[in-house]
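Any read-out appearing in this document is the output of simple, stated calculations on the displayed coordinates, not a laboratory observation. All values reported here derive from a predicted model rather than from experimental measurement. Cβ placement follows ideal geometry from the backbone for every residue including glycine, while neighbour counts extend to all protein chains displayed.
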2 protein chains.
Amino acid sequence: MGCILVRQSPIEKTNPEGRRRTESKEVRRQQLIDATIDSIAENGIGGTTMSTVTEIAGLSLGIVNFHFKSKQNLLEETLLFLAKEHHEQWLEAFDNAGLSAPEKLLAIVDAHFYPQICTPKKLAVWFAFFGEAGRREVYRSLINDIDQERYDVALRLCSEIAEDGGYKDIPPRQVVNILESLYDGIWLELLTYPENFQRSVARDHIAAFLAKVYPDHFRMPAFKNGG
Amino acid sequence: MGCILVRQSPIEKTNPEGRRRTESKEVRRQQLIDATIDSIAENGIGGTTMSTVTEIAGLSLGIVNFHFKSKQNLLEETLLFLAKEHHEQWLEAFDNAGLSAPEKLLAIVDAHFYPQICTPKKLAVWFAFFGEAGRREVYRSLINDIDQERYDVALRLCSEIAEDGGYKDIPPRQVVNILESLYDGIWLELLTYPENFQRSVARDHIAAFLAKVYPDHFRMPAFKNGG
DNA sequence: TTCCATTGAATGATCGTTCAATCAATGGCA
DNA sequence: TGCCATTGATTGAACGATCATTCAATGGAA
């Protein structure tokens, strides 16, 4: 969880438990963000306190207000971390995909179900933020730019596919709106009924939609019984 | 908001503001549930306190613990009220619809976007509950039976339609799963971007999906630019 | 007068935040 | 290298605010 990005200092001096007492700001901030994700997933935002976060991180109570302006700031940085992580993933998938528009679009879809992105823990945190009625505008404006880019790219791809295939009954914008709804809706199903769904099947549901809308450009996945 | 169900006592004696001081348990409970919906929509679950609820209801602080076992019990009764309200609506729509399976199914879809059900306030409350990570199991088991019925009915209808039309590429169960995901996902879009979507357009998105999956049984809605 | 709904002050618990004290790492100096 | 002063990270007790809940007192209906 972000540990890739942040270098741990070389082990020079360690306390009896093998942990350095002091670390760089960067390391501590990520450590606290990771602990916040764990705490929200387990206790919800309402049940997440400075105590739960610092206890999970194995640090002392006062340290959050040293590395973050406030608890609210810690929450916002946590949301931003998840948004950036997702953004990196789909952008990388997009770049590495084949050159055709369907391949590019399917890469974006698939990125939603990567093991690093689509974990029960992170889904719980996403919907914890989305569900915070009092601060929806704050959270939305935080990730708006990041989300907008994905929307725009998908719209461009769908327009190209629709043009190429002469698909006229559902305009590209509506296809993208349905796609975006499906991401969220299927994520919520995965979160609510984890025993009934697998990531791969969830992904196939979206692929099936695309195969129906753009039949000459996407292959219908094979569905077994159940799932 | 439920006011239809609960009779206000006849006005016999009123205080200077024109309100009776005492009311039946039934009236007070609904009054507090309505106030809870308002409070959650405005402040979130975390920001909803005994004070915010009783202030909105125009009652005194201590009254919630007189009519409900606890704050948590008030929250659960509120969720249950919304679930039952939704259940009533789609069941009535289902009964009043035409006899064919497509008509029945579309009635269930449409019920999700009734003005009484699909309000910004109530959507905010739904997702506030879904987002509560710490108590997801509690809330889920509360509404599970109610939701299961809709799922089963929809599955039966889709099976009938698939049989009738010889649709074989997406099994009925997967169609229903996608439908359920679309309800949630489109509700979330309506909640997050209320300025970009209208209820009727949101409903057409689902109708468009059905027209693609069961083309001989559902008509593709006409999409204008935008929306 | 009886009964029950209603009130709101009081209580104890828990929260976010502050900050003086403490600890460890680093750089300069001998 | 060995030693010390400086810097900055870390700790946790303390504080004030806010919360859910309790309950004795009050009000109104029958």
Open item on the list: With the label 7 angstrom out along Cα to Cβ, how close does B:GLU55 come to the same site in each of the other copies, in nm, nearest first?
Closed with: 3.1
Task: Mean shadow area of the protein assembly as shown over all directions, Cα convex hull, nm² - done: 26.0
TODO: Sort shortest first the distances from B:GLU85 to its counterpart in every other copy, using label points 7 Å along the Cα-to-beta-carbon line, and give them in nm.
DONE: 3.6
Open item on the list: Report, in listed order, any pair from A:LYS122/A:LYS224; A:LYS71/B:LYS84; A:LYS69/A:LYS122; A:LYS122/B:LYS104; A:LYS121/B:LYS71 with a Cα-Cα distance greater than 25 Å.
Closed with: A:LYS122/A:LYS224; A:LYS71/B:LYS84; A:LYS122/B:LYS104; A:LYS121/B:LYS71
TODO: Sort shortest first the distances from B:PHE223 to its counterpart in every other copy, using label points 7 Å along the Cα-to-beta-carbon line, and give them in nm.
DONE: 2.1
- [ ] Give me the percent of Cα-Cα pairs in the range B:22-68 that sit more than 17 Å apart, rounded to a whole number.
- [x] 22
Task: Label-point separation, B:SER51 to A:GLU26 (7 Å along Cα→Cβ), nm - done: 4.3
Open item on the list: For chain A, take the longest principal axis of its alpha carbons; what is the angle in degrees between that and the long axis of helix A:25-43, to the nearest 10 within 0 to 90?
Closed with: 70
Open item on the list: If you fit an axis through the alpha-carbon atoms of helix A:199-213 and take the longest principal axis of the Cα set of chain A, what angle between them do you get, 0 to 90°, nearest 10?
Closed with: 30
Task: the range A:155-198 residues near the modelled A:SER100 label - backbone nitrogen below 17 Å, point 7 Å along Cα→Cβ - done: A:157-167
TODO: Would you give the gap between the C-alpha center of the range A:171-217 and the C-alpha center of the range B:182-199, rounded to a whole Å?
DONE: 16
- [ ] With springs only between Cα atoms under 10 Å apart, run a GNM on chain A and tell me which of A:PHE94, A:PHE197, A:PHE113 wobbles the most.
- [x] A:PHE197
Task: Derived scalar couplings ³J(HN,Hα) [the range A:129-145; Karplus, 6.51 cos²θ - 1.76 cosθ + 1.60; whole Hz; x for Gly, Pro] - done: 6, 4, x, 5, 4, x, 10, 4, 4, 4, 5, 4, 5, 5, 10, 4, 4
Task: Per residue, the convex hull volume that the Cα atoms of chain A enclose (Å³) - done: 147
